[in-house]
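Student: Before anything else, here's the structure in question.
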Amino acid sequence: MIHEPITGQGCTWQCLTFEQLDTRTLYDVLALRAAVFVVEQNCPYQDADGLDDLAWHLLGYRAGQLVAVARLLPPGVAGDWPAIGRVVTRANARGQGLGRELMRESVTAMTRLFPGSGLALGAQAHLVPFYQSFGFEPVGDRYLEDDIEHQWMQRPPSQSPSDAGAHG
């Protein structure tokens, strides 16, 4: 694992179906998610939940290394609306706006994949203001998922992708 900071002006993005992921890329996706969600956040959970094969995978590369991932689920998988999940950035690439770039790209990809649909996501509670800056609003009560407080959020279909991340 590379621990030196990864810098750059932006990422190269790919949005692939599960079938389009080669073995190395799938391994890199799962390793990045485990490094952040399981190890860094000290939260053992079942990452291989049977949904990856139903999803598109947004992959961000910088300096040839996978530094950002989001899982894009079609409507009917995690609720009525398409949902963004497993949003993760590599620790040594943070602090450079990568999370914002990942969310802008996620919203843009979802708008292309599911035109006219609203979007949903299950946010870790401390990240609610971050997702609000992309037009997502809390829906319902907070809930525990893998012993971490979460908030279901939705973004109405009336917003354009260019609105994503316009605030904050």
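The values are calculated or read from the model by the stated rules, or taken from the named source; none is laboratory data. Values in this document were obtained by computation on a predicted structure and should not be read as measured data. Cβ placement follows ideal geometry from the backbone for every residue including glycine, while neighbour counts extend to all protein chains displayed.
Student: Condition first: under 21 Å from residue 114 (Cβ atoms) and among the charged types (D, E, K, R). Now tell me which residues in region 65-93 satisfy that.
Tutor: Of everything in region 65-93, those that are under 21 Å from residue 114 (Cβ atoms) and among the charged types (D, E, K, R) turn out to be 71, 80, 86.
Student: Next up: Go through (1) exposed (fewer than 12 other Cβ atoms within 10 Å of the Cβ); (2) closer than 25 Å to residue 46 by Cα; (3) touching a residue at least 24 places away in the same chain (Cβ under 8 Å) for residue 120 and report which single condition fails.
Tutor: The one condition residue 120 does not meet is (1).
Student: Okay, moving on. Can you tell me which residue among 48, 120, 78 is closer than 26 Å to residue 25 by Cα, out of contact with any His (no Cβ under 8 Å at 6 or more places or on another chain) and part of a strand (DSSP E or B)?
Tutor: When all the criteria are applied, what remains is 120.
Student: Looking at (1) under 25 Å from residue 75 (Cα atoms); (2) in contact (Cβ under 8 Å) with a residue 60 or more places away in the chain; (3) of a type outside the set (Val, Ile, Thr), which is the only condition residue 41 fails?
Tutor: So the condition that residue 41 fails would be (1).
Student: I'm trying to understand the selection: among the residues of region 123-141, which are buried (at least 20 other Cβ atoms within 10 Å of the Cβ) and assigned to a helix (DSSP H, G or I)?
Tutor: 131
Student: For region 57-72, does any single residue satisfy the condition of being part of a helix (DSSP H, G or I) and surrounded by 15 or more Cβ atoms within 10 Å (Cβ to Cβ)?
Tutor: For region 57-72, residues part of a helix (DSSP H, G or I) and surrounded by 15 or more Cβ atoms within 10 Å (Cβ to Cβ): absent.
Student: To continue, here is another question. Residue under question is residue 157, and the condition is that it be part of a loop (DSSP other than H, G, I, E, B) and either surrounded by 12 or more Cβ atoms within 10 Å (Cβ to Cβ) or modelled with pLDDT of 95 or more (or both); does it hold?
Tutor: Yes; evaluated as a whole, the condition is true for this residue.
Student: Additional query: Check whether at least one residue in region 17-25 is surrounded by fewer than 16 Cβ atoms within 10 Å (Cβ to Cβ), modelled with pLDDT of 95 or more and in a loop (DSSP other than H, G, I, E, B), and report yes or no.
Tutor: Yes, region 17-25 has at least one match.
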